[in-house]
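The values are calculated or read from the model by the stated rules, or taken from the named source; none is laboratory data. It should be emphasised that the depicted structure is a prediction, and the values quoted were computed from it without experimental measurement. Neighbour counts run over all protein chains shown; Cβ positions are idealised from the backbone, glycine included.
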Amino acid sequence: MVVTREKFVSYRPIFGWFCCMAEPRQIRNLALIGFMGTGKSSTGQILAHQLGFRFLDTDALIEERAGVSISEIFEKSGEAAFRELEGRIVEELASHSETIISTGGGLGANEAHLESLKTHALVACLWAGPEAIWQRVRHQSHRPLLSGPDAQDRIREMLKQRESAYRRADILINTEMRSVKDVAQQLLYHFQEARGVS
Ligand code: S3P
């Protein structure tokens, strides 16, 4: 595992590629990506409150539009249909400002979606190792991808598959052994810094 407990935060060159171009990158929003159970929604809500921003949860928006739960979408229409709904929301997000965007765990693992988020948001990935994730999600039942008896193996496999994509975020924060409040505090600092607000 490349991300260690000691390495709580690592930085990506936020303005790196964009420095070669005339236009600097626009950071109007903050997007949280990362695996299921890493605390994206709870952290995002704290940040939205602290910044006075709107809070948007892509899964909640999908459920609201479909009128059914994520589990029902997976069950009745399949994962591909769910990913299509996710893709539509990603496109819409580009028109948002002052929004904290909490994404479903698969959204930020899609390279095109991640690049799209980066056009308008600082993208932070909340990280936790497979054991910590398992401890956090084991008593929850609303995640179709973790509903089988082999959930623990599934977490390990999916995390491995997704890790390289997650690591393309601007900021990577390890959430293990830290409170949601602490993670939010650190993100707030980085977001203000990226926007040039002191
Ligand atoms: C998914 C994560 C879930 C939800 C869906 C698929 C994934 O969101 O979007 O069940 O592919 O990792 P959370 O990360 O909020 O649990």
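Quick notes
- The condition of being at pLDDT 95 or above and in a strand (DSSP E or B) holds for only one of PHE55, PHE74, that being PHE55.
- Any hit, the range 167-175, residues being within 27 Å of ARG83 (Cβ to Cβ), of a type in the set (S, T, N, Q) and touching a Leu at 6+ places or on another chain (Cβ under 6 Å): yes
- Residue count for the range 28-43, restricted to those that are crowded, with 21+ Cβ neighbours inside 10 Å, within 12 Å of the ligand (Cβ to nearest atom) and among the small types (Gly, Ala, Ser): 3
- Scanning the range 130-150 for residues that are surrounded by 15 or more Cβ atoms within 10 Å (Cβ to Cβ) and among the small types (Gly, Ala, Ser) turns up just one, ALA132.
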